[in-house]
Amino acid sequence: MARNGFEPIFFQGHASKDASPYVRLSLESKLTLELSPDHYLRLVNPHGELETHVLAKDAAVGMRLAVSAEAEAEAEVKTATVLQVERTVLAGAYNPYTTSGTIIVNGIEVSCHSSWFLEGVTSAAATPLLYQQLLAPLRALYSVAPGLVKSFCAKFDGDSRPMSELGLRQIVGSLASIASA
């Protein structure tokens, strides 16, 4: 789910059932968010407007996140403040991508993006926006040939490695085999 309702997941960055490290954020209104340390949070101002991005491993008490209207009984509540940050280990690690680059997890708006290859090259504030632009060709392909993108993703079903750990040769080879089919 995204801010404007449900939208399709067009790409899966990784999917693993293995135990993985997580950051657990406890927010106002008894909301809880658990995400990988390398996943980007969307920090907002009191009006719910995007201010910047930070990696979950850098989350701190007092940061403000956007809350989906469905998560609150009162529609005017648009943000929640982080009250506690904990480290934990949970089963499973999934990284779905929507066309907007945003998903709602436990009623909290988060970025679809996680660390890949721009960390240390650009600021954390800009990195998810750049990743969103870099995925524009894949989103465009999905809009005209969703089956092709799904076939590409299916090539990696059962591989618990994130796409960022796959070699370029393996990715290009998979694309070539789909194109020739």
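The values are calculated or read from the model by the stated rules, or taken from the named source; none is laboratory data. Predicted model only: the values in this text are computed from it and were never measured. Cβ sites come from the backbone with ideal geometry, for glycine too, and all protein chains shown count toward neighbours.
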* **Pick from the stretch 94-113, criterion hydrophobic (A, V, I, L, M, F, W, C) and in contact with a Pro (Cβ under 8 Å, 6 or more places away or on another chain), ranking: farthest from residue 37 (Cα to Cα)** => 103
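Residue-by-condition table, conditions (1) surrounded by fewer than 19 Cβ atoms within 10 Å (Cβ to Cβ); (2) under 26 Å from residue 10 (Cα atoms):
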| site | (1), (2) |
| --- | --- |
| 30 | yes, no |
| 44 | no, yes |
| 56 | no, yes |
| 62 | yes, no |
| 81 | yes, no |
| 85 | yes, no |
| 100 | yes, yes |
| 124 | yes, yes |
* Scan the stretch 108-132 for residues that are among the small types (Gly, Ala, Ser) and under 23 Å from residue 17 (Cα atoms) and jot them down. => 111, 114, 115
* Asked: surrounded by 15 or more Cβ atoms within 10 Å (Cβ to Cβ), farther than 15 Å from residue 110 by Cα, in contact (Cβ under 8 Å) with a residue 60 or more places away in the chain and among the hydroxyl-bearing types (Ser, Thr, Tyr), is that true of residue 16?
  -> yes
* Pairs, please: C-beta under 9 Å, at least 6 apart or cross-chain, first residue touching a residue at least 60 places away in the same chain (Cβ under 8 Å) and in the stretch 137-148, second part of a helix (DSSP H, G or I) and aromatic (Phe, Trp, Tyr)? -> 138/152
* Residue that is surrounded by the most Cβ atoms within 10 Å (Cβ to Cβ) [pool: residues in the stretch 19-28 that are under 19 Å from residue 62 (Cβ atoms) and under 16 Å from the mean Cα position of the chain (by Cα)] -> 25
* Here are some residues: 109, 51. Which one is closer than 29 Å to residue 151 by Cα, modelled with pLDDT of 90 or more and of a type in the set (Asp, Glu)? -> 109
* For the stretch 80-122, how many residues are hydroxyl-bearing (Ser, Thr, Tyr) and more than 17 Å from the chain's Cα centre (by Cα)? -> 3
